[in-house]
Amino acid sequence: MKIKLISAFLIVFAYLGMASATANSLITTNPISGSTLTTGPSSVTLTTQVALLPDANELTVTDPEGTRVDDGTITVDGVSATVGLSTLTLTGIYRVNYLLYSEGDAPLEGSFTFNFSAPSIISPSEPTPTPAQSQTPASSSWGTNVFIVFILIVAFFILIGLSLYARKLFKDR
(Lines give C-alpha, C1' and ligand atoms only; values in the text may rest on other atoms or scores of the structure.)
Protein backbone atom coordinates (compact mmCIF):
# COMPACT_ATOMS: atom_id res chain seq x y z
CA MET A 1 0.00 0.00 0.00
CA LYS A 2 2.81 2.43 0.89
CA ILE A 3 4.62 1.61 -2.33
CA LYS A 4 1.48 2.31 -4.39
CA LEU A 5 0.95 5.60 -2.55
CA ILE A 6 4.57 6.66 -3.07
CA SER A 7 4.43 5.70 -6.76
CA ALA A 8 1.18 7.67 -7.16
CA PHE A 9 2.88 10.74 -5.60
CA LEU A 10 5.88 10.27 -7.87
CA ILE A 11 3.66 10.05 -10.94
CA VAL A 12 1.75 13.20 -9.91
CA PHE A 13 4.99 15.12 -9.22
CA ALA A 14 6.49 13.90 -12.50
CA TYR A 15 3.38 15.03 -14.36
CA LEU A 16 3.46 18.43 -12.64
CA GLY A 17 7.16 18.75 -13.40
CA MET A 18 6.58 17.98 -17.09
CA ALA A 19 3.65 20.39 -17.22
CA SER A 20 5.75 23.20 -15.81
CA ALA A 21 8.60 22.30 -18.16
CA THR A 22 6.31 22.86 -21.16
CA ALA A 23 4.64 26.00 -19.79
CA ASN A 24 4.93 28.81 -22.27
CA SER A 25 6.98 31.87 -21.37
CA LEU A 26 8.21 34.99 -23.12
CA ILE A 27 11.80 34.73 -24.42
CA THR A 28 12.45 38.02 -26.22
CA THR A 29 10.72 41.21 -27.27
CA ASN A 30 11.51 43.58 -30.08
CA PRO A 31 11.78 46.41 -29.16
CA ILE A 32 13.47 45.27 -25.97
CA SER A 33 11.44 45.79 -22.82
CA GLY A 34 12.49 49.02 -21.07
CA SER A 35 14.63 50.26 -23.97
CA THR A 36 14.71 53.82 -25.29
CA LEU A 37 14.35 54.26 -29.04
CA THR A 38 15.08 57.31 -31.17
CA THR A 39 13.74 55.69 -34.34
CA GLY A 40 10.17 54.45 -34.23
CA PRO A 41 9.78 50.71 -34.87
CA SER A 42 7.48 49.53 -37.65
CA SER A 43 6.31 46.52 -35.62
CA VAL A 44 6.46 44.80 -32.23
CA THR A 45 7.51 41.15 -32.06
CA LEU A 46 7.21 38.75 -29.12
CA THR A 47 9.01 35.39 -29.10
CA THR A 48 7.92 32.56 -26.78
CA GLN A 49 9.17 29.08 -25.89
CA VAL A 50 6.19 27.16 -27.26
CA ALA A 51 4.57 27.50 -30.69
CA LEU A 52 1.59 29.85 -30.70
CA LEU A 53 -1.89 29.25 -32.08
CA PRO A 54 -2.26 31.31 -35.26
CA ASP A 55 -5.69 32.89 -34.69
CA ALA A 56 -6.26 33.31 -30.96
CA ASN A 57 -3.72 35.90 -29.83
CA GLU A 58 -4.10 39.51 -28.74
CA LEU A 59 -1.31 42.06 -29.06
CA THR A 60 -1.91 45.80 -28.58
CA VAL A 61 0.38 48.82 -28.37
CA THR A 62 -0.69 52.14 -26.85
CA ASP A 63 1.03 55.53 -26.87
CA PRO A 64 1.66 57.72 -23.79
CA GLU A 65 -1.90 59.11 -24.07
CA GLY A 66 -3.42 55.61 -24.14
CA THR A 67 -4.35 55.64 -27.84
CA ARG A 68 -3.74 52.44 -29.81
CA VAL A 69 -0.93 52.77 -32.34
CA ASP A 70 -0.88 49.18 -33.63
CA ASP A 71 -2.60 48.29 -36.89
CA GLY A 72 -4.43 45.31 -35.35
CA THR A 73 -2.90 42.80 -37.76
CA ILE A 74 -1.18 40.03 -35.81
CA THR A 75 1.10 37.66 -37.70
CA VAL A 76 2.12 34.40 -36.00
CA ASP A 77 5.13 32.47 -37.24
CA GLY A 78 5.73 29.47 -34.97
CA VAL A 79 6.94 30.92 -31.67
CA SER A 80 6.79 34.59 -32.77
CA ALA A 81 3.85 36.98 -32.83
CA THR A 82 4.18 40.34 -34.62
CA VAL A 83 1.87 43.33 -34.83
CA GLY A 84 2.44 46.27 -37.16
CA LEU A 85 2.63 49.85 -35.89
CA SER A 86 1.66 53.19 -37.32
CA THR A 87 4.30 55.93 -37.32
CA LEU A 88 5.13 56.89 -33.72
CA THR A 89 5.04 60.65 -33.15
CA LEU A 90 4.70 61.21 -29.40
CA THR A 91 7.66 61.12 -27.06
CA GLY A 92 7.05 58.96 -24.00
CA ILE A 93 6.37 55.47 -22.68
CA TYR A 94 4.58 53.04 -25.00
CA ARG A 95 2.84 50.00 -23.47
CA VAL A 96 2.59 46.60 -25.15
CA ASN A 97 -0.15 44.30 -23.80
CA TYR A 98 -0.28 40.69 -24.91
CA LEU A 99 -2.39 37.58 -24.48
CA LEU A 100 -0.80 34.66 -26.31
CA TYR A 101 -2.24 31.17 -26.67
CA SER A 102 -0.45 27.91 -27.32
CA GLU A 103 -2.00 24.49 -27.68
CA GLY A 104 -2.65 22.66 -24.40
CA ASP A 105 -1.26 25.47 -22.25
CA ALA A 106 -2.61 28.33 -20.17
CA PRO A 107 -2.62 31.70 -21.95
CA LEU A 108 0.52 33.78 -21.57
CA GLU A 109 -0.60 37.23 -20.48
CA GLY A 110 1.43 40.30 -19.62
CA SER A 111 2.73 43.67 -20.70
CA PHE A 112 5.96 45.60 -21.08
CA THR A 113 6.95 49.14 -21.98
CA PHE A 114 9.50 50.91 -24.12
CA ASN A 115 10.38 54.58 -24.35
CA PHE A 116 10.27 56.45 -27.63
CA SER A 117 12.12 59.75 -27.92
CA ALA A 118 10.72 61.47 -31.01
CA PRO A 119 13.22 63.47 -33.02
CA SER A 120 12.78 67.24 -33.15
CA ILE A 121 10.56 68.30 -36.00
CA ILE A 122 12.48 70.35 -38.47
CA SER A 123 10.28 72.09 -40.99
CA PRO A 124 11.78 71.95 -44.44
CA SER A 125 12.37 75.36 -45.90
CA GLU A 126 12.10 76.12 -49.55
CA PRO A 127 15.47 76.97 -51.03
CA THR A 128 15.70 80.62 -51.96
CA PRO A 129 17.34 81.33 -55.29
CA THR A 130 20.46 83.44 -55.17
CA PRO A 131 21.22 85.89 -57.96
CA ALA A 132 23.79 84.70 -60.46
CA GLN A 133 27.20 86.21 -59.94
CA SER A 134 29.41 87.57 -62.68
CA GLN A 135 31.19 84.75 -64.45
CA THR A 136 34.39 86.75 -65.03
CA PRO A 137 37.21 85.73 -62.70
CA ALA A 138 38.49 88.33 -60.26
CA SER A 139 42.05 88.12 -61.68
CA SER A 140 41.06 89.18 -65.17
CA SER A 141 41.64 92.89 -64.63
CA TRP A 142 44.12 94.56 -67.02
CA GLY A 143 46.24 96.04 -64.23
CA THR A 144 46.81 92.66 -62.61
CA ASN A 145 47.92 91.12 -65.90
CA VAL A 146 50.42 93.93 -66.56
CA PHE A 147 51.85 93.60 -63.03
CA ILE A 148 52.39 89.83 -63.43
CA VAL A 149 54.13 90.31 -66.81
CA PHE A 150 56.38 93.00 -65.28
CA ILE A 151 57.35 90.66 -62.38
CA LEU A 152 58.21 87.89 -64.88
CA ILE A 153 60.45 90.20 -66.95
CA VAL A 154 62.27 91.42 -63.81
CA ALA A 155 62.73 87.82 -62.65
CA PHE A 156 64.19 86.90 -66.07
CA PHE A 157 66.79 89.73 -65.86
CA ILE A 158 67.71 88.75 -62.30
CA LEU A 159 68.25 85.17 -63.50
CA ILE A 160 70.55 86.38 -66.34
CA GLY A 161 72.46 88.60 -63.91
CA LEU A 162 72.96 85.80 -61.37
CA SER A 163 74.13 83.36 -64.02
CA LEU A 164 76.75 85.87 -65.35
CA TYR A 165 77.96 86.54 -61.81
CA ALA A 166 78.24 82.79 -61.13
CA ARG A 167 80.22 82.32 -64.37
CA LYS A 168 82.67 85.05 -63.37
CA LEU A 169 83.12 83.55 -59.88
CA PHE A 170 83.86 80.05 -61.15
CA LYS A 171 86.15 81.25 -64.00
CA ASP A 172 88.45 83.04 -61.59
CA ARG A 173 89.19 79.91 -59.63
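A few points about this structure:
- The residue that is modelled with the lowest pLDDT, counting only those in the stretch 1-38 that are hydroxyl-bearing (Ser, Thr, Tyr) and in contact with a strand residue (DSSP E or B) (Cβ under 9 Å, 6 or more places away or on another chain), is 25.
- Qualifying position, being under 30 Å from residue 65 (Cβ atoms), modelled with pLDDT of 80 or more and among the aliphatic types (A, V, I, L, M), among 152, 100: 100
- Residue satisfying all of: in the stretch 83-107; closer than 29 Å to residue 38 by Cα and hydrophobic (A, V, I, L, M, F, W, C); surrounded by the most Cβ atoms within 10 Å (Cβ to Cβ) among these: 100
- A count restricted to the stretch 56-70 and to residues that are at pLDDT below 90 and surrounded by fewer than 16 Cβ atoms within 10 Å (Cβ to Cβ) stands at 1.
- Qualifying residues in the stretch 64-82 (those that are part of a strand (DSSP E or B) and of a type in the set (S, T, N, Q)) - the one nearest to the chain's Cα centre (by Cα): 82
- In the stretch 21-55, of all residues being hydrophobic (A, V, I, L, M, F, W, C) and within 16 Å of the chain's Cα centre (by Cα), the one that is surrounded by the fewest Cβ atoms within 10 Å (Cβ to Cβ) corresponds to 32.
- Residue count, the stretch 75-99 (criterion: of a type in the set (Lys, Arg) and over 28 Å from residue 120 (Cα atoms)): 0
The values are calculated or read from the model by the stated rules, or taken from the named source; none is laboratory data. Bear in mind the structure is a predicted one, so any value in this text is a computation, not a measurement. Quick reminder, even Gly has a Cβ in these numbers, built from the backbone with ideal geometry, and neighbours come from all protein chains shown.
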